[in-house]
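What follows is a set of notes on a single structure, which appears directly below.
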Amino acid sequence: MALTVTLVRLPLLSPFTTSFGTETARNALIVSAESDGVTAFGECVTSVGPYYSYEDNSTALHIIRDHLAKLAKDVPSPAEFLEKAGSIKGHNMAKAAVEMMLWDMEAKRKKVPLVRLLGPTKGYADVGISLGMDRPDVTLKKVEASVARGYKRVKLKVERGKEYDIVRRVRDVYPDIKLSADANSSFTLKDARSLKRLDRFGLAYLEQPLGHDDLIDHAKLAGEISTPICLDESISNVDRARQAVEIGAGEVFNVKPGRLGGLCNSLEVAGLARTAGCHVWVGGMLETGVGRAFNIALASLRTVDYPGDTSPNDRYFAKDVVSNPFSMEGGRIKPNAGDGIGVKLDERFFRASSVRAWKLD
Ligand code: OSB
Ligand code: MG
């Protein structure tokens, strides 16, 4: 089985600003392969620069091309692939792209929707929205539109020094919505006193306030503030999740299959977190319709108890590479019913959006 990696570029409807930068387009590496008449897809969640984590599109392409492609040649199961890739340290985003493609392949071969292979499902995913940083009046308008659209949780991107005012202004107008804030690791433990001032706003959680690879300081911060801490970047693998639970570094887990090396590890993290009494939701990385379909299948599982960053495609793109985008009703999205991830690729638009393709053998 030969892999193809295609870099597609989709302009975002509006720029997305986090504490680590602004994205105006999604530059996605889409991994695909054909075997026995079945075509499967995966998406790598890296972007152009190493600002969320150390991986970016260049490192992921290198790892997939020079190290992972050959491990997927004989179409292993996702678990077998991960086993073989185990001696490669880190690079979980690169691994996840291939691992998830193998889940799609397996489900399509068995002619079942992906979610059937993952576990008991609610039949839908509860959906929240992640709003990038903007002028406060713009953010307030976006919150208003999000609440009107039925989103079940609103997450505000914040950064050190800009967190208090925006949360206060949104809370003033919306005292009862499920609200959270994501700092993308822009604070340090020295900011504990400012972060404590957020306690009065009754946030569902504060996401990744401290270092992108930290657990210890998050555990210390958890003892100083009453807002629950949610971990995203720091949960870079299953062991880190177990350790986070053990030392009380977070009560809420943002499970991103793209960050964790794929769905096998995501299921494990969700399971261990819930067993420990923590909450779990599925995050996003502005994925195209391909990556989105995996996230929504995962988010529909019974083990996931909080709304995810799994907005429908039209929240991000005027047009997506799939011709059957998701739609949201009452803050819920149903996973696709077709085989595998169930997306129909819009071949023409996919080609038109392609920047470059690599055929690997
Ligand atoms: O920290 O969750 C994050 C997007 C890119 C990188 C990191 C994050 C995000 C989001 C957007 O919050 C979630 C989405 O809607 O896909
Ligand atoms: Mg986050």
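Kindly provide the set of residues from region 20-58 that are touching a Ser or Thr at 6+ places or on another chain (Cβ under 7 Å), more than 21 Å from GLU106 (Cα to Cα) and open to solvent by 30 Å² or more (accessible area, probe 1.4 Å), ordered by number.
GLU23
Among the residues of region 326-341 satisfying the criterion of being surrounded by fewer than 20 Cβ atoms within 10 Å (Cβ to Cβ) and either under 15 Å from the mean Cα position of the chain (by Cα) or in contact (Cβ under 8 Å) with a residue 24 or more places away in the chain (or both), which is nearest to ligand 1 (Cβ to nearest atom)?
Looking at residues that are surrounded by fewer than 20 Cβ atoms within 10 Å (Cβ to Cβ) and either under 15 Å from the mean Cα position of the chain (by Cα) or in contact (Cβ under 8 Å) with a residue 24 or more places away in the chain (or both), I get GLY331.
Determine which member of the set VAL255, VAL304, VAL290, VAL269 is closer than 24 Å to PHE20 by Cα, within 16 Å of ligand 1 (Cβ to nearest atom) and buried (at least 20 other Cβ atoms within 10 Å of the Cβ).
None of the other options fit; the residue is VAL255.
Pairs, please: C-beta under 7 Å, at least 6 apart or cross-chain, first residue farther than 13 Å from GLU163 by Cβ and in region 189-217, second open to solvent by less than 20 Å² (accessible area, probe 1.4 Å) and among the polar types (S, T, N, Q)?
Partner pairs satisfying both residue conditions: ALA204/SER180; TYR205/SER180; TYR205/THR227; HIS212/SER234; ASP213/SER234; ASP214/SER234; LEU215/SER234.
Any idea which residue in region 167-202 is nearest to ligand 1 (Cβ to nearest atom), counting only those that are surrounded by 21 or more Cβ atoms within 10 Å (Cβ to Cβ), of a type outside the set (S, T, N, Q) and under 20 Å from GLU144 (Cβ atoms)?
Checked region 167-202; the qualifying residue nearest to ligand 1 (Cβ to nearest atom) is ASP182.
Residues in region 142-153: is at least one closer than 15 Å to LEU206 by Cβ, at pLDDT 95 or above and either more than 16 Å from ligand 2 (Cβ to nearest atom) or outside the structural domain of THR17 (by TED's automatic domain parsing) (or both)?
So far as region 142-153 goes, yes, one or more of its residues are closer than 15 Å to LEU206 by Cβ, at pLDDT 95 or above and either more than 16 Å from ligand 2 (Cβ to nearest atom) or outside the structural domain of THR17 (by TED's automatic domain parsing) (or both).
Table: residues versus (1) buried (at least 23 other Cβ atoms within 10 Å of the Cβ); (2) assigned by TED's automatic domain parsing to the domain that holds GLN243; (3) among the charged types (D, E, K, R); (4) closer than 22 Å to ALA181 by Cα.
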{"site": "ALA273", "(1), (2), (3), (4)": "yes, yes, no, yes"}
{"site": "HIS279", "(1), (2), (3), (4)": "no, yes, no, yes"}
{"site": "THR310", "(1), (2), (3), (4)": "yes, yes, no, yes"}
{"site": "LYS319", "(1), (2), (3), (4)": "no, yes, yes, no"}
{"site": "VAL322", "(1), (2), (3), (4)": "yes, yes, no, no"}
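The values are calculated or read from the model by the stated rules, or taken from the named source; none is laboratory data. Not measured: the values here are computed from a predicted model. Cβ atoms come from the backbone with ideal geometry, glycine included; neighbour counts cover every protein chain shown. These area figures cover heavy atoms from the full protein model, side chains too; ligands, DNA and RNA do not enter into them. Shrake-Rupley method; radii C 1.70, N 1.55, O 1.52, S 1.80 Å.
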